[in-house]
1. Taking every residue in B:33-46, how many Cβ atoms of other protein chains lie within 10 Å of its Cβ, on average?
2. If exposed trypsin sites (Lys or Arg not before Pro) are those in a DSSP loop with at most 14 other Cβ within 10 Å, what is the longest stretch of chain A that has none?
3. When you look at the Cβ of every residue in A:42-54, what mean number of other chain Cβ atoms sits within 10 Å?
4. Once amide H atoms are built 1.01 Å from N in the peptide plane, which residues 5 or more positions from B:SER85, or in another chain, come under 5 Å H to H?
5. Within region B:62-101, what residues put their amide N at less than 18 Å from the label point 7 Å along the Cα-to-Cβ vector of B:THR26?
6. Once you order the gyration tensor axes a ≥ b ≥ c over the Cα atoms, which shape class does region B:1-43 get: rounded for a/c under 1.5, otherwise prolate or oblate by comparing a/b with b/c?
7. Mind telling me which of A:LEU21, A:LEU90, A:LEU11 comes out most flexible in a GNM of chain A, alpha-carbon contacts under 10 Å?
8. Tally Lys and Arg at +1 and Asp and Glu at -1 over the other residues with C-beta under 13 Å from the C-beta of A:ALA87: what net charge comes out?
Amino acid sequence: DGGITQSPKYLFRKEGQNVTLSCEQNLNHDAMYWYRQDPGQGLRLIYYSQIVNDFQKGDIAEGYSVSREKKESFPLTVTSAQKNPTAFYLCASSIELVSGELFFGEGSRLTVL
Amino acid sequence: KQEVTQIPAALSVPEGENLVLNCSFTDSAIYNLQWFRQDPGKGLTSLLLIQSSQREQTSGRLNASLDKSSGRSTLYIAASQPGDSATYLCAVHHFGNEKLTFGTGTRLTIIP
């Protein structure tokens, strides 16, 4: 089945450690996105990529990094510089950046101990 | 700056009733508007996408309408079922902005 796969589903991290969240899609979509969701807040955009080897900062990029070496993959690294990393992270993709329908993965919940 | 509002934040209705969820946005220059549902601890599932040139879209028991001039969209759910219980979010894609703007959602509970 076509879709977006995020892993791991749950992740625990000690303060000061970097962690990488995986996002893979087999929908042949050009655009991919990372969002963060906190209780009581709307989704906030971290990074997005329109095409391979290109990505742009979203509204809350500080403390995060991404790469887009393959069309199917858009991993997110949460670095030790992120002050409040405990959150639910959602990866999404669309056939094109503008006007495309957005599809989401099942999410990854990161908890910093 | 585009702002998207969903009121009420929570809604409870008895099973079998028809209901309407609301989404308001401040700037009518949009590409499209998308409705999603989210179950607890899960990702978002796309329900309906309405392009700016369209007035409504239908999928099964769901019907979404778009009125750009008034900055409003509604999601109509017919004959509600307990399985419809979830949080419903709308998101707007605004001209001149590569990013979607999301509302904070309406948490819907269908009472058996």
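Every read-out reported here was derived from the displayed coordinates using simple, explicitly stated rules and does not represent laboratory data. Keep in mind it's a predicted model, so treat the numbers as computed, not measured. Neighbour counts are summed over all protein chains in view; Cβ atoms, including those assigned to glycine, are modelled from backbone coordinates with ideal geometry.
1. That average works out to 4.
2. Answer from the scan: A:15-82.
3. That works out to 2 on average.
4. For B:SER85, whose amide H was placed from the backbone, the distant partners under 5 Å are B:ILE110.
5. B:68-73, B:90-101
6. Here region B:1-43 falls in the prolate category.
7. Comparing A:LEU21, A:LEU90, A:LEU11 in a Gaussian network model of chain A, the most mobile one is A:LEU11.
8. Local net charge: +4.
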